[in-house]
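Enquirer: Got a structure here, written out as structure tokens. Questions coming.
Derivation of every value follows stated rules applied to the coordinates shown; laboratory data play no part. It should be emphasised that the depicted structure is a prediction, and the values quoted were computed from it without experimental measurement. Note: ideal-geometry Cβ built from the backbone for every residue, glycine included; neighbour counts use all protein chains shown.
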Amino acid sequence: MKTSGDAALGPGREFDVIRNLVDRWGVAAIGIGDDAALLQVPRGETLLASVDANVEGVHFRREWLAPEEIGYRAVVAALSDLAAMAARPLGMLISLAVPYSWMIDLAVVADGIGDAATRFQSPIRGGNMTAARDLSITTTVFGSSFAPLTRSGARAGDVVYVTGRLGGPRVALTRRQAAESPEDANSRLARPVPRLNEAQWLARSGAVCAIDVSDGLIADLRHVAAASNAHIEIEASAMPIFDSASLSDALEGGEEYEIVVTSPSALDTESFAQRFGIPLTAIGRVRAGAPRVDVSGARVADAKGYDHFSR
């Protein structure tokens with residue numbers, strides 16, 4: 001299916017594969033075929049861009065996830081960065097590095113990509129494809145915002161809030177590594193949700209700083225503390241924890257894609273829960289002092305989030 005603005009692709013096996021993907025994506029892909037994508041940014045808004053790579057053997061294993069889930073999660077990981085800045089998606093570029101062993105499942109991986117693009121209203125506007133030894137999906141997302149949230153906006157006195165319940169993805173991953181069924185935690189790992197609408201609501205409601213929980217709550221809050229030059233105190237007893245998860249799972253587990261914000265005034269947690277169907281929980285405060293993160297009721301000095309270059 002061609003959409004308005006698509007350019008015809010020339011001959012060749014590579015372009016036959018791309019044509020097949022574009023056909024499967026349908027209206028989820030627009031303007032495919034030129035050397036660059038065209039974006040129109042609403043007047044008065046700022047263009048935001050982010051890129052996220054998902055590499056086989058690093059971010060996922062083939063035996064842990066269905067091909068469709070791998071494609072879907074790759075898009076969500078990138079869109080979550082837009083959510084962290086309260087941006088509205090404008091589209092994405094998809095770069096696929098595909099080994100021969102994955103060609104039989106490539107169309108299903110693409111279905112997951114297209115599903116996320118459609119569900120979160122972020123059309124596929126172009127990309128790249130190459131052969132490789134391991135499957136890699138690199139997603140570049142574009143969004144816009146009139147007043148983006150950043151990591152550097154936290155100030156002493158702010159209340160710290162987090163969306164959803166934490167720890168589910170780590171529970172699911174631990175069970176998959178042990179060849180056990182992830183059961184109730186599976187959707188939190190395989191079908192996460194970028195909190196795009198939630199973050200925009202939070203920004204309109206008074207949030208001044210935000211970050212998404214991708215590497216673990218403590219690890220990501222340390223980025224906020226450093227960027228804002230602030231001391232963050234979290235109350236362990238206030239943490240919203242996934243039913244089968246532990247406090248450690250909630251504090252250190254990654255790939256949550258929930259949003260942490262700070263606000264100088266109280267946010268309406270009841271209205272948030274009624275509107276979005278997930279909790280918004282006050283979990284701590286921003287204090288004056290040297291940049292660090294403390295958790296009352298838990299030892300976090302050795303808490304580690306995901307770090308690609310740590311052993």
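Enquirer: If you wrap a convex hull around the Cα atoms of the chain, how much volume per residue is inside, in Å³?
Expert: Working: hull volume 43.4 nm³, N = 311.
Taking the convex hull of the Cα positions in the chain, it is 140 Å³ per residue.
Enquirer: Another question about this same structure. Report the gain in length on full extension from T46 to A273: 0.36 nm times residue separation, minus Cα-Cα distance, nm rounded to one decimal.
Expert: Working: separation 227, 0.36 × 227 = 81.72 nm, distance 2.87 nm.
Additional length available on full extension: 78.8 nm.
Enquirer: Would you compute, from DSSP H runs of 4+ residues alone, the mean residue ellipticity of the chain at 222 nm, taking -39500 (n - 2.57) per run and dividing by the full residue count, rounded to the nearest 500?
Expert: Working: 9 runs with 94 residues, N = 311.
After summing the helix terms and dividing by residue count, I get -9000 deg cm²/dmol.
Enquirer: Evaluate the distance, in nm, between pseudo-label points positioned 7 Å from the Cα of S244 and of A156 along their respective Cα→Cβ axes.
Expert: Placing both labels 7 Å beyond Cα along the Cβ direction yields 4.5 nm.
Enquirer: Computed over the Cα atoms of the range 103-253, what is the convex hull's projected area averaged over all directions, in nm²?
Expert: Values: hull surface 46.6 nm².
About 11.7 nm², averaged over all directions.
Enquirer: Mean 1/r over all different Cα pairs, inverted: what Kirkwood radius does the range 155-232 give, in Å? List each step's numbers first, then the result.
Expert: Values: mean 1/r = 0.0694 Å⁻¹.
One over the average 1/r among Cα pairs gives 14.4 Å for the range 155-232.
Enquirer: Counting pairs of alpha carbon atoms under 8 Å apart in space and at least six apart in sequence, what relative contact order in percent does the chain give? Walk me through the numbers before you get to the answer.
Expert: Numbers: 714 pairs, mean separation 64.3, N = 311.
Over the chain, the number comes to 21 percent.
Enquirer: Something else about it: Calculate the dipole size of the range 158-307 relative to its Cα centre from +1 charges on Lys and Arg beta carbons and -1 charges on Asp and Glu beta carbons; express the result in debye to the nearest 20.
Expert: Computed charge dipole of the range 158-307: roughly 160 debye.
Enquirer: Which one of L189, G112, V27 has its Cα pushed farthest toward the positive end of the charge dipole of the chain, where Lys and Arg give +1 and Asp and Glu give -1 at the Cβ?
Expert: Selected residue: V27.
Enquirer: Return, ordered by residue number, the residues of the range 145-168 whose backbone nitrogen is under 20 Å from a label point located 7 Å along Cα→Cβ of S265.
Expert: Backbone N within reach: 146-150, 153-162.
Enquirer: For the chain, with only Lys/Arg (+1) and Asp/Glu (-1) charged at the beta-carbon, what is the dipole magnitude about the Cα centre, in debye rounded to 20? Please list the in-between numbers first.
Expert: Working: 30 positive and 38 negative charges, 98 e Å.
So the dipole magnitude of the chain works out to roughly 460 debye.
Enquirer: Using Cα atoms only, what is the angle between the long axis of helix 13-25 and the major principal axis of the chain, expressed in degrees (0 to 90) to the nearest 10?
Expert: With both axes taken from Cα atoms, the answer is about 60 degrees.
Enquirer: Right, something else. What residues qualify as long-range amide H neighbours of G289, i.e. H under 5 Å apart, gap of 5 or more or another chain, H built at 1.01 Å from N?
Expert: Hits under the 5 Å cutoff: H231.
Enquirer: What whole-number volume per residue, in cubic angstrom, does the convex hull of the C-alpha atoms of the range 165-311 give?
Expert: Per-residue hull volume (Cα only) is 122 Å³.
Enquirer: Now, a different point. Could you calculate, for the range 19-148, the ratio of the Cα radius of gyration to the Kirkwood radius, expressed as Rg to Rh?
Expert: On the way: Rg = 14.4 Å, Rh = 14.8 Å.
Using only Cα positions, Rg/Rh for the range 19-148 is 0.97.
Enquirer: What is the range 110-152 by shape, rounded, prolate or oblate, if you read a ≥ b ≥ c off the alpha carbon gyration tensor as root eigenvalues and call it rounded for a/c under 1.5, prolate for a/b larger than b/c, and oblate otherwise? Don't jump to the answer; show the numbers that get you there.
Expert: On the way: a/c = 2.66, a/b = 1.70, b/c = 1.57.
Prolate is the answer for the range 110-152, as a/c is 1.5 or above and a/b outweighs b/c.
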